[in-house]
Amino acid sequence: MSGEDSVWVADDTEPVLDTTVASILRDAARRSPDAIALVAGTADPASRRRWTYAELLADALGAAEALAARFEPTERVAVIATSIPESLILTYGAAMAGVVLVPVNPALRAGELRHVLGQSAAAGAFVVAEYRGHDLPGTLTELRGDLRGLRDVVVFDRWEEFCSSASTRRGPEGDGAGTLPTVGPDDVAQLVYTSGTTGSPKGALLTHRGMTNAARLGAMRFGMRPGDVYVQTMPLFHVGGQVVSFQLCQLSATAVLVPAFEPGLVLELIETETATLTCGVPTMLLALVGHRDFDHRDLSSLRAVSGGGAVVPAELVARIEDALGVRFAVVFGQTEASGFISQTHLDDAAPDKGETLGVPLPGVGARVVDPDSRSPVRRGEVGELEVQGPNVMAGYHELPEETAAAIGPGGWLRTGDLVTMDDRGYLRMTGRLKEMIVSGGENIFPVEIENALLEHPDVTEVAVLGVPDDRWGEAAVAVVVPVADRAPDPADLEAFLRRHLAAFKVPRRFVLTDDLPRTASGKVQKHVVREQLVARPVGG
């Protein structure tokens, strides 16, 4: 700590390393070539594919060479897929080829995909054939006229054909050094889209140094060890899924990829793969402990569980620790900070795990400031959290004004989160300056939903906001002012949105009202609406 102000000086006892996403895989393959790196977490144990670190490196090099034959360094390549092994191989292949990976949620609909692929100027896209009935290749075909820069679309069904499309031209050590570009730690590794307070989702430029060091330091705080087996529930299209993969790689541990979260499958994987670690947002963890198989599975191999994506309720932390005999860690971060800012220690007391966001990770400086003056507030006072360190993004892709608003002098990232900091450096969340809703680990952007609902013929005004929810952390609620003499059916509003937005963005509740409270200048007072919703019964 620094003085009496809410300032946390970065702990420099752990060095920041000059690593890249490619170098950590090469190091792991040299260090532990025969260790199991990757397991495809399919439902049938007999059909699960496995890769050693040597095999994962070889497959990543094949992908890198094919990518380098089609794309120039720094070009953007999107991956629109669930957590399949080929997606992780593509992560490492892209890093070796010097192209920038753009992970994209396959639940996004046509308009959302048009924005992400267009704003990123993606030159290529790798897609699964379908996702929950959505024909992704067909959608991209329809969008090609609007995406002039999109040259190649590869369906993962033809992955092996793609990887064999370039001749193998390895260096003397078989590591691709003879043909692949040099990639530095401060080069951009990934362009990850995140929601903000206004406008459309923005792409955060995350560097190799930032992602790999944030991963390593978070793994150390979590007590990760060589040989650990981690059932990876965080999807690879989230920054969390990417960075967890980099944690495991740097410890020569095993990633058991869950293609899509299903609690029964996760429980089965923990048992049959003798997993030592797993993670989940509160929604996932509640689904696990509430599943009918929970009491019938042997989960004794588990040593620790982490949770994040929302404030983890104290009672859930206690329930997980008691039911599984594990130690729990709360992880807090955001995309713009490579997914990691602070974390509790495994041996922290129950109140710290249930009420705080932990202490900033090594290498991360933090301060709590007055949102107007930007001066640090006194300890225990509420202010906006700012962080500084290698984990902070390089900026927003081709958005200089937004970048300047997000990163202040000295490289301090303005998180938009309202917190307090105690004398030990532990952070407590009190709210958000941003209107972004975090529901079940998904970032939901209210303005996007509001704009979509205003296209409905029966809607004249709308305010979308998040309210506390025991299961989801926050639940999105749409408060709708209908056109005069009309009363749209909430089921109709829900169906309308599902045609235009990903399912996770559709509010869990629709409330009709005659008007919305406003300030003297006419701005909707969302805090007043939120207070009314919290006090109103669910069916209100």
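Taken together, the values in this text are just the output of simple stated rules run on the coordinates, not laboratory data. A quick note: this is a predicted structure, and the numbers were derived from the prediction, not measured. Cβ placement follows ideal geometry from the backbone for every residue including glycine, while neighbour counts extend to all protein chains displayed.
How large are Rg and Dmax for region 358-465 when only the alpha carbon atoms are used, in Å?
16.6, 54
Around Gly118, with a cut-off of 15 angstrom between Cβ atoms, what is the net charge of the other residues, counting Lys and Arg +1 and Asp and Glu -1? Display every interim value, and only then the final one.
Values: positive: Arg76, Arg109, Arg114, Arg144, Arg148, Arg151, Lys202; negative: Glu75, Glu112, Glu142, Asp146, Glu398.
For residues surrounding Gly118, the net value is +2.
Below 8 Å between Cα atoms, with a sequence gap of 6+, how large is the relative contact order for the chain in percent?
Details: 1196 pairs, mean separation 75.7, N = 540.
Value for the chain: 14 percent.
Quote the Stokes-Einstein diffusion coefficient, in whole µm² s⁻¹, for region 256-366, based on the Kirkwood radius over alpha carbon pairs, a temperature of 25 °C and a viscosity of 0.890 mPa s.
170
Return, for the Cα atoms of region 195-334, the radius of gyration and Dmax in Å, separated by a comma.
When restricted to Cα atoms, region 195-334 yields Rg and Dmax of 15.1, 48 Å.
After finding the eigenvalues of the alpha carbon gyration tensor for region 296-440, what semi-axes result from the square roots of 5 times each, listed largest first in whole Å?
Details: eigenvalues 180, 57, 34 Å².
Each semi-axis is the square root of five times an eigenvalue, giving 30, 17, 13 Å.
Over 44 Å apart: what share of the alpha carbon pairs of the chain falls there, rounded to a whole percent?
When every Cα pair of the chain is considered, 13 percent fall beyond 44 Å.
Using helices alone, I'd like the mean residue ellipticity at 222 nm for the chain: each DSSP H run of four-plus residues gives -39500 (n - 2.57), total over residue count, nearest 500.
The per-residue figure over the chain is -9000 deg cm²/dmol.
Compute the Rg/Rh shape ratio of region 303-373: radius of gyration over Kirkwood radius, all on alpha-carbon atoms.
Reported Rg/Rh, Kirkwood definition of Rh: 1.03.
Positive end of the charge dipole of region 190-315 (Lys, Arg +1 and Asp, Glu -1 on Cβ, about the Cα centre): tell me which of Thr212, Val231, Leu286 has its Cα farthest that way.
Farthest along the dipole direction, towards plus: Thr212.
Measuring from label point to label point, each 7 Å out along Cα→Cβ, what is the Ser164 to Asp423 span in nm?
Rounded to a tenth, the inter-label distance reads 6.8 nm.
If you stretched the chain out fully between Leu454 and Glu321, how much longer would it get, using 0.36 nm times the residue separation minus the C-alpha to C-alpha distance?
Residue separation times 0.36 nm, minus the Cα-Cα distance, leaves 43.4 nm.
From largest to smallest, what semi-axes in whole angstrom does region 382-540 give when each is the square root of 5 times an eigenvalue of its alpha carbon gyration tensor? Intermediate results must be reported in sequence, preceding the final value.
Numbers: eigenvalues 205, 68, 48 Å².
In descending order the semi-axes read 32, 18, 16 Å.
Under a no-solvent Debye model with one identical scatterer per Cα of region 50-130, what's log10 I(q)/I(0) at q = 0.25 Å⁻¹?
Result of the Debye calculation: -1.18.
Could you run the Debye sum over the Cα atoms of region 1-118, one equal point scatterer each and no solvent, and tell me log10 of I(q)/I(0) at q = 0.13, 0.16, 0.21 Å⁻¹, two decimals?
The calculated log intensity ratios at q = 0.13, 0.16, 0.21 Å⁻¹ are -0.69, -0.88, -1.15.
Mind checking the full-extension length gain between Ser300 and Ala535? Use 0.36 nm per residue of separation minus the Cα-Cα distance, one decimal, nm.
This chain segment gains 80.4 nm when fully extended.
If packing is taken as the average number of other Cβ atoms within 10 Å across a peptide's residues, how do 47-58, 357-368, 315-326 rank, most packed first?
Per-residue mean Cβ counts within 10 Å order the peptides as 357-368, 47-58, 315-326.
Across bins of 10 angstrom width beginning at 0, how are the C-alpha pair distances of region 422-507 distributed, in whole percent?
Computed distribution, short to long bins: 16, 44, 25, 9, 4, 1.
Please compute the Cα-Cα pair-distance distribution of region 345-387 with 10 Å bins starting at 0, giving whole percents from short to long.
In whole percents, the pair-distance histogram is 25, 41, 29, 4.
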